[in-house]
Amino acid sequence: MSHIHWLGAGLSSVPGIRRLISKNREITLWNRTLSKAEAATQGLSGSFDVKEFTLDALSAELKPGDVAVSMLPATMHLQIAELCLEKDAHFVSSSYVSPEMAALDEKAKAKGLTFVNEVGLDPGLDHLLAHLLMSDYKASDAYDPANSHEFRSFCGGFPAVANDFRYKFSWSPLGVLKALKSPAKAIMGGKEVNTQKPWDAISDYSANLPGGAEVFQSYPNRNSLPFMQAYGMGSDWNVHTFVRGTLRLDGWSDAWADIFHFVENELAGPDGDAKLAAMSEQLWTDYAYDEGEPDRVVLVVDLKASKDGKVVWHKDYALDSKGSKEFSAMARLVSITVSLAVETVLEGSLPAGVSAAPSDPTTIHRWFEEIKAHGDEFHLTEHVS
C-alpha cells in the first residue's frame, strides 16, 4: 500500500492529518520538532508514525508510489518535489505553482507521477468554485464568448469577533507585511490594471453571504491574468472584469493607515528588513489570536455575463466559516482540502505531471461533500431566473 509522508505539523496541517489517520491511511508525520508532531496526533490510533524531519531521513523512507505532502515553507517545495522525482513518488502542496515547479512537468509525466499544487483554501477551494461556475455557464443557453463577462474571486481570514484593528494574526505577521509590497494585475473595465501597492486599489465589495449581504474591503492579489486561461476563458472572450483578490473587514484601510505609511516610506536603506521585522514582532505581541479564539473565513466566487447591457447569466458561490475551540476555520479549510487531494492522488484520479486544483465537477462535488461533513458548506446563488 502506498504510504503518505506529511511534512510539517503546523497550524494549517492538523485537521487534515487527523482526518487521514481516522480514514486508516498509512501515514508518517514529519516535523523538525518531534513534540509538535506528537501533539498533532495526540489521542489517535491507527497506522501512523511521527518522525523528526530531515531531507536525508525522508529520502531513506520515501518509496515508489508514496505521496509526499509538503506543508513546509514554500522555499522547500522544490527540494521535496525533486526528491519525489528521484524516488518515483507523488507530490502534493497547497502553494502556488512556481516556475521552477512547473519546469518539472515533463519529467513527472514521463514517470507517471502526479505533482498537484494549489489545493488549499486560496489557492485551492477558490479554483474549484471557479471551475464549477465556468462549467455551469458553458453548459447554459446563455453562453457566448461575446458576452461581457465579470469574474470576481475574493477570500479573507479575520477574527470572528471584529476588533478595532480589523485583523488578527495566526502566525508571524512578516508574511502579511511583505505582501503589502507585492504588485498585482487584474482586468477592470476591460483593461489591464497594474497596482504596485494594495492600498492604492482598495474598494468596497458587497458579498452575497448565506446570512445576508455584508460589505468588505477588497484589493487585487498577485497576478490574476494567467487564471483566465486556467479557468477556461479563451482569447476570444469579452472580459470586462477579472480579479482574484483579498477580503478585509470594513474599516481595515483606516485601521492600517499607519502601517501603509510605514511600509511605503520607512523601509528604504540597509536597515529596512530589520525595521520590518521589528514591526512584525510588535504586531504579533499586540494582535495575535488568543488561545481558543475563533477566526472567520469568507470566500466568494462570482461569475456574471451580460448581453446588450442586460445580465443573462449570474451565479456565485459563498462560504462563511468560523473556527472552533478545536480547529481554526483557516486550518480546517486548508488541510482538509489537502487531505482530499492526497486521497485523489492515491486513487489515480488526477493526471500525471505538474498541475493545480482539479477542474472535474464530479471530483469537486465529492470533495465538497466531505468538506461539508466537517462543517463548512458552500452556498450557490442564482441571480437570473
Given charges at Cβ of Lys, Arg, Asp, Glu: the range 4-116 dipole, positive-most of 70, 97, 45: 45
Inter-probe distance in nm under a simple model that places probes 7 Å from Cα toward Cβ, at residue 324 and residue 160: 1.0
Residue 209-residue 52 pseudo-label distance in nm [points 7 Å out on the Cα-to-Cβ vector]: 4.5
Listed peptides 349-357, 239-247 by packing density, highest first (mean Cβ within 10 Å): 239-247, 349-357
Whole-angstrom gap from the range 1-43 to the range 188-244, using each part's C-alpha centre: 36
Highest to lowest packing among 116-125, 210-219, scored as the average C-beta count within 10 Å: 116-125, 210-219
Compactness of the range 270-337 as Cα Rg over 2.2 N^0.38 Å, two decimals: 1.82
Mean projected area (nm²) of the alpha-carbon convex hull when the range 4-116 is viewed from all directions: 6.5
Hull volume in cubic angstrom per residue (convex hull over the Cα atoms of the range 237-385): 230
Cα centroid separation, the range 116-167 to the range 251-290 (Å): 29
Amide hydrogen neighbours beyond the local backbone of residue 68, cut-off 5 Å, H modeled: 5, 90, 91, 92
Of 51/111; 168/307; 36/63; 51/107; 87/322, those spanning more than 31 Å from alpha-carbon to alpha-carbon: 168/307; 87/322
The range 86-141 - charge dipole about Cα centre, Lys and Arg +1 at Cβ, Asp and Glu -1, debye rounded to 20: 240
Share of Cα-Cα pairs in the chain lying beyond 25 Å, as whole percent: 58
Under 5 Å, built H, 5+ apart or other chain: amide partners of residue 95: 118, 119
Estimated vicinal HN-Hα couplings, Hz - the range 3-18 in sequence order (Karplus 6.51, -1.76, 1.60; Gly, Pro = x): 10, 9, 10, 9, 9, x, 10, x, 4, 8, 10, 4, x, x, 4, 5
Karplus 3J(HN,Hα) series, Hz, for the range 33-49 with 6.51 cos²θ - 1.76 cosθ + 1.60 (x for Gly, Pro): 9, 4, 4, 5, 5, 5, 5, 5, 10, 4, x, 9, 10, x, 8, 9, 9
Projected-area average for the range 328-385 over all orientations - Cα convex hull basis, square nanometres: 5.4
Fluctuation leader among 156, 348, 112 - the chain, Gaussian network, Cα springs under 10 angstrom: 348
Chymotrypsin sites (Phe, Trp or Tyr not before Pro) restricted to DSSP loop in the range 113-168 with at most 11 other C-beta within 10 Å: none
Integer Hz, Karplus 6.51/-1.76/1.60 couplings in order for the range 292-308, x for Gly and Pro: x, 6, x, 9, 9, 10, 10, 9, 10, 10, 9, 10, 10, 10, 10, 9, 6
Cleavage-rule hits (trypsin sites (Lys or Arg not before Pro)) in the range 180-238: DSSP loop, at most 16 neighbouring Cβ within 10 angstrom: 181
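Each reported figure results from applying straightforward, stated rules to the coordinates on display, with no laboratory input. Note that this is a predicted model, so its numbers are computed, not measured. Note that we place each Cβ from the backbone using ideal geometry, even for glycine, and neighbour counts take in every protein chain shown.
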